[in-house]
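Readers should treat all values here as calculations from the given coordinates under stated rules, not as data from a laboratory. These numbers come from a predicted model, not from an experiment. Here the Cβ positions follow ideal geometry from the backbone for every residue, glycine too, while neighbour counts run over all protein chains shown.
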Amino acid sequence: MKIKLETTVEGLIIIHPSVLQSMRRPNTAEGAKALGAPVIVDSENICFLAFNNEGYVTFFLNNGFEISLKITHDEAKNAYNFAKMKIKNVIE
């Protein structure tokens with residue numbers, strides 16, 4: 001299986017490019033580009049986990065960014081919970 005998300009003992013969530021739908025800041029002309037590299041998010045910067053207007057599971061961050069993913073809500077919730085507890089885990 002391909003790895004979708006990883007969590008670290010530092011409380012980080014590593015999002016692999018294969019599950020990244022979009023990464024953008026609302027009300028801006030351009031979204032951020034991942035360029036094929038994993039995106040690393042500190043769980044302390046996540047405000048909440050919900051769905052965006054297009055129906056994708058989305059991490060909403062304190063700095064205004066939205067990171068939309070092509071995974072189920074349960075997978076994202078598990079990654080968030082493991083990162084908050086600072087437990088290393090891999091979600092495939």
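Computed FRET efficiency, Cβ-Cβ of ASP74 and ASN45, R0 22 Å: what is it to the nearest 0.05? Before the final figure, lay out the partial values.
Details: r = 21 Å, r/R0 = 0.97.
FRET efficiency, ASP74 to ASN45: 0.55.
Excluding SER43 itself, what net charge comes from residues whose Cβ is under 11 Å from its Cβ, given Lys and Arg +1 and Asp and Glu -1? Show your work: numbers first, answer last.
Numbers: positive: LYS84, LYS86; negative: GLU10, ASP42, GLU44.
Around SER43, the charge tally is -1.
Relative to the first principal axis of the alpha-carbon coordinates of the chain, what is the inclination of helix 73-84, with its axis defined by its Cα atoms, in degrees from 0 to 90 and to the nearest 10?
Approximately 60 degrees, to the nearest 10.
Would you mind calculating the relative contact order of the chain from Cα pairs under 8 angstrom and at least 6 residues apart, reporting the percent as a whole number?
After rounding, I find 40 percent.
Just the Cα atoms of the chain: what Rg and Dmax do they give in Å?
Radius of gyration, then largest Cα-Cα span, for the chain: 12.2, 37 Å.
Once you place label points 7 Å from the Cα toward the Cβ at ASN89 and ASN53, how far apart are they in nm?
3.2 nm
Suppose a student asked you for the relative contact order of the range 18-64, using Cα pairs under 8 Å spaced at least 6 residues apart; what percent would you report? Intermediate results must be reported in sequence, preceding the final value.
Values: 38 pairs, mean separation 12.7, N = 47.
With pairs under 8 Å counted, the relative contact order is 27 percent.
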